[in-house]
1. Restricting attention to the stretch 86-101, does a residue exist that is farther than 21 Å from LEU162 by Cβ, of a type in the set (S, T, N, Q) and modelled with pLDDT of 90 or more?
2. Identify all residues within the stretch 28-68 that are aliphatic (A, V, I, L, M), under 25 Å from PHE141 (Cα atoms) and in contact (Cβ under 8 Å) with a residue 60 or more places away in the chain; write none if there are none.
3. Which one of these does THR145 not meet: (1) outside any strand (DSSP E or B); (2) at pLDDT 85 or above?
4. Search the stretch 64-100 for residues being among the aliphatic types (A, V, I, L, M) and outside any strand (DSSP E or B), and hand back the single one that is surrounded by the fewest Cβ atoms within 10 Å (Cβ to Cβ).
5. Considering only the stretch 44-63, I want to know if a residue exists there that is in a helix (DSSP H, G or I), over 21 Å from ASN176 (Cα atoms), among the acidic types (Asp, Glu) and modelled with pLDDT of 70 or more.
6. Of the residues GLN124, GLN29, only one is of a type in the set (S, T, N, Q) and part of a helix (DSSP H, G or I); which?
Amino acid sequence: MRKKAKHIFLLFVSTVFVIVTFAQTKNEQIKLIREKSGIINKDTTLKKVILENEEFLEEMTDHGGTLVGYYKIGEIKKIYESIGLSNGITIREFYFDNGQLIFVYEKFESFVFDDKKGEFDFSQTKTIFEGRYYFSNEKLFNKSTKGDKSLVTLYESTEGTLLGRAKDVIESLNKNAN
């Protein structure tokens, strides 16, 4: 009986150690990604490639769109995408390290509805959704979201949709940059 209790105790301690080690590694990865994205945002030497509307959108939206690629020595570092819909603006920022997606920041700014006029006030927005998605080796390893995504768009931001969108917008930027 004592041997069994000893084995259970050792199994418990091993499991706790693995969980704590993984959590530290995950937190360290997130911290490193935040540092890298901060460096990218502060880099004023990045070359910009700007696309508007039909240069990257398959279908025109109510309020158009903008796609900006930020390059350093020919390598993509960041992509800023803004798409104006009938009820608000979807904004995504994709961050890259050595050509690989490491982070996506996404938010939806809803146009404020003016009850007195019975219509949207396109000059005012309110953020109703924010998402932060962390990647390592093209795998989503952590995400945090705030707000209701169902009010934003019909599709969910998942590993596959974000990786696919990143590849699509890089392709559009590369095609139009040359």
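1. Scanning the stretch 86-101, I find no residue that is farther than 21 Å from LEU162 by Cβ, of a type in the set (S, T, N, Q) and modelled with pLDDT of 90 or more, so the answer is no.
2. ILE30, ILE33 - these are the residues of the stretch 28-68 that are aliphatic (A, V, I, L, M), under 25 Å from PHE141 (Cα atoms) and in contact (Cβ under 8 Å) with a residue 60 or more places away in the chain.
3. All conditions pass for THR145, except number (1).
4. Step by step, filter the stretch 64-100, then rank; the result is ILE73.
5. No: the stretch 44-63 contains no residue that is in a helix (DSSP H, G or I), over 21 Å from ASN176 (Cα atoms), among the acidic types (Asp, Glu) and modelled with pLDDT of 70 or more.
6. None of the others qualify; the one that does is GLN29.
The values are calculated or read from the model by the stated rules, or taken from the named source; none is laboratory data. Model, not experiment: these values are computed from the prediction. As a convention, Cβ positions derive from the backbone with ideal geometry for all residues, glycine included, and neighbour counts pool all protein chains shown.
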